[in-house]
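Beneath this line is the structure, given in structure tokens, with notes to follow.
The values are calculated or read from the model by the stated rules, or taken from the named source; none is laboratory data. Quantities reported herein were computed from a predicted structural model and do not represent experimental measurements. When we count neighbours, we look across all protein chains shown, and the Cβ atoms used for this are built from the backbone with ideal geometry, even at glycine.
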Amino acid sequence: MEDYYLGWLEQVENALNIWGYYKIDFKPRLIIITGMGGSGCVGDYVYALASTKERFRYPVLVIKSYELPKFVSNEDLVFVISYSGDTLETRYAYLETLRRKCRLVVITSNGFLERDAKQKNIPLILVTKGIAPRTALPEMLLAVLNVLDTSGLTIVSKSEVEDLREFFKENMANAYSEAVEIAEFIHNNKGVLVIATHTPLEVLAIRGKNEFNENSKIPVKIDVAPEWAHNDIVGWENPFINKYTVLEIADPDNPIGLKLIEFMDEIYMEKGYPVKRVLLKGEHFLQKLLYGSLVLGLASVKLARLLRIDPLETKNISKYKSRVYDILGQT
Ligand code: PA5
């Protein structure tokens, strides 16, 4: 499993090799990204990158469900993402986008979506097969950014992705050792894990939560300031249980973010919770997000190793997937 994460440099190279090949001649009203779990978080990243990009004017909507909002129409561009190509919620959303005649791009490695997109001649980007869906994040994310850039809807340009490749080369070893330290910190302190951060890094807190859920098999709470300061903060006055371990994630180049984290730190310290802070490396937001994702992914695998469990297997997701046909019914 560690190798899947250490393969992120190769994923960036794969993405660069196909940069410029997929063009959509269409100016959409909305850019919609739909998928679940490890594939679903691609939409969160695109949203975060689009929101912080100067002069990008297209609204991005992330859908992690089997249904589409009623207002989605043929004026919209939809990226349908499922690593396996078989996730039922995503298949249902895909069929609905076809019914509404949206412009579509499918990103997958396999399964129903690959077969159906080929048969219907829908733009299709195939990513590396045979790894854990959540570890295919860079390739799936860069596939979306590639289509947008090639179509004149640039959020991230090819040269920024080339910089990311160099950044990964220089920082892979750093990320690995930081991940080992984090895993040991969480393992030694044994509290419920809290991932605390500031905007616009909520995507990283969600991704980190998902990684520790799936790889380490533990529940995780996320605290994102400033919204945290309007509700969660009160919950910390009198929690039922009092054993928490806090992992703070901050952008060292964001002065307000740093002040927010300092304030959060004060509240956790008052309770006596052990706290560890991760300062994101990288020059651009894309580098910071993917550096943080790599560190959290590897840390969650290393924690699984310390707990002597298999990071790859996700039994309860398989149980859900075997029942989801009954739950959702046929479309
Ligand atoms: O990472 C995982 O294994 C999961 O979160 C999956 O991504 C999730 O179950 C959805 O499956 P898929 O990515 O194949 O659509």
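Would you point out which residue out of GLU211, GLU248, GLU202 is acidic (Asp, Glu) and over 17 Å from the mean Cα position of the chain (by Cα)? Unique residue meeting the criteria: GLU248.
Could you tell me which of the residues GLU139, GLU162, GLU166 is within 14 Å of the ligand (Cβ to nearest atom) and outside any loop (DSSP other than H, G, I, E, B)? Answer to the check: GLU139.
Among the residues of the range 304-331, those that are modelled with pLDDT of 95 or more and more than 17 Å from ALA132 (Cα to Cα) comprise LEU306, LEU307, ARG308. Per the listing TYR58, TYR45, the residue uniquely of a type in the set (Phe, Trp, Tyr) and surrounded by 22 or more Cβ atoms within 10 Å (Cβ to Cβ) is TYR45.
Scanning the range 61-69 turns up at least one residue that is in contact with a Leu (Cβ under 9 Å, 6 or more places away or on another chain) and in a loop (DSSP other than H, G, I, E, B).
Residues that are in a loop (DSSP other than H, G, I, E, B) and exposed (fewer than 12 other Cβ atoms within 10 Å of the Cβ) within the range 299-317 comprise just one, ARG308.
A single entry from LEU148, LEU153, LEU113 fulfils the requirement of being part of a helix (DSSP H, G or I) and out of contact with any strand residue (DSSP E or B) (no Cβ under 6 Å at 6 or more places or on another chain): LEU148.
Out of the residues in the range 116-136 that are part of a helix (DSSP H, G or I) and away from the ligand (no atom under 12 Å from the Cβ), which is surrounded by the most Cβ atoms within 10 Å (Cβ to Cβ)? The extreme case among them is ALA117.
Among the residues of the range 57-102, how many are hydrophobic (A, V, I, L, M, F, W, C) and either within 16 Å of the ligand (Cβ to nearest atom) or over 23 Å from ILE155 (Cβ atoms) (or both)? Steps first, answer last, please.
Start the filter on the range 57-102 by keeping residues that are hydrophobic (A, V, I, L, M, F, W, C), which leaves 60-63, 68, 71-72, 77-81, 88, 93, 95, 98, 102.
Retained after the next criterion (residues that are either within 16 Å of the ligand (Cβ to nearest atom) or over 23 Å from ILE155 (Cβ atoms) (or both)): 62-63, 78-81, 88, 93, 95, 98.
Result for the range 57-102: 10.
Apart from one condition, ASP25 fits all of (1) at pLDDT below 95; (2) farther than 24 Å from GLU202 by Cα; (3) under 19 Å from the mean Cα position of the chain (by Cα); (4) of a type in the set (D, E, K, R); the exception is (3).
Counting only residues that are of a type in the set (Gly, Ala, Ser), under 17 Å from ILE107 (Cα atoms), away from the ligand (no atom under 16 Å from the Cβ) and assigned to a helix (DSSP H, G or I), the range 1-56 holds 1 of them.
Could you tell me which of the residues ALA143, ALA205, ALA225, ALA136 is small (Gly, Ala, Ser), at pLDDT 95 or above and more than 22 Å from VAL60 (Cβ to Cβ)?
Details: ALA143 fails: more than 22 Å from VAL60 (Cβ to Cβ); ALA205 fails: more than 22 Å from VAL60 (Cβ to Cβ); ALA136 fails: more than 22 Å from VAL60 (Cβ to Cβ).
Answer to the check: ALA225.
Remark: pairs (first residue in the range 71-92, more than 17 Å from TYR22 (Cβ to Cβ) and part of a helix (DSSP H, G or I); second residue of a type in the set (S, T, N, Q) and more than 12 Å from the ligand (Cβ to nearest atom); Cβ separation under 9 Å; 6+ apart in sequence or on different chains) = GLU89/SER65; ARG91/THR331; TYR92/SER65; TYR92/THR331.
The criterion of at least 2 residues that are of a type in the set (Lys, Arg) and touching an Asp or Glu at 6+ places or on another chain (Cβ under 8 Å) is met, among strands (runs of 3 or more DSSP E) falling completely within the range 207-284, by 275-279.
Would you say TYR320 is closer than 28 Å to THR90 by Cα, among the hydroxyl-bearing types (Ser, Thr, Tyr), without any contact (Cβ under 8 Å) to a residue 24 or more places away in the chain and surrounded by fewer than 22 Cβ atoms within 10 Å (Cβ to Cβ)? Taking the combined requirement at face value, the residue satisfies it.
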